[in-house]
Every structure is written in structure tokens, then in C-alpha cells.
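Each value in this text was obtained by applying a stated rule to the coordinates, not by laboratory testing. All values reported here derive from a predicted model rather than from experimental measurement. So basically every Cβ, Gly included, is an ideal-geometry build from the backbone, and we count neighbours across all protein chains shown.
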Amino acid sequence: MRIDFVLIIAGDSSMTISEANPQEVPPMLNWAITFFIVALIAAVLGFTGVAVAAAGVAKLLFVVFLVLFLVSLATHFGRRSSV
């Protein structure tokens, strides 16, 4: 039994994991990781205001990524069971 997960990429048509590079990190998660690293570096260097702002952006992007992933997963399995 083969299950294909659908990736929705802005500007592109949807493609399955088997067609895309499975090692590629989704762009929104990549931005969340980048802001987290910026927050860590700013915290180490003593820029607490920048660290708090970057951590807030990273947290927001991660939550948005997580919500979109769960919605995508729910709609995928909801659509799959009705077939």
C-alpha cells in the first residue's frame, strides 16, 4: 500500500513526496529555524530585544507551519476515506 503526501508549494502545482526531494525542508519551517538561530546568536551577544523579537517570529512561523501541516494532513485523510 502506497501513501502519497501532497505538498502545496506557492507558485507551483501540487506534487507528491515521491516527485519532490524528500530531504528538502519546507520553506516556512526553514524560515522558523533561521529566526531561531538568529535569536540564539543575538541572545549570546547580549541583544535581548533582537533575541526576543526573532524568537517571537520563529515561534509564530513554527505554529503557522504546524497548523497548516495538521490541516493538510486532516484534509488528506478525510478525502482519502470518502473515496
HN-Hα J in Hz across segment 47-61 - Karplus 6.51, -1.76, 1.60, θ = phi - 60°, x for Gly and Pro: 8, 5, x, 5, 5, 5, 5, 5, 5, x, 5, 4, 5, 4, 5
Computed E for residue 43/residue 72 - FRET, C-beta separation, R0 30 angstrom, nearest 0.05: 0.40
Relative frequency of Cα-Cα separations exceeding 17 Å in segment 25-82, percent: 48
FRET efficiency, residue 33 to residue 79 (Cβ-Cβ, R0 41 Å, nearest 0.05): 0.85
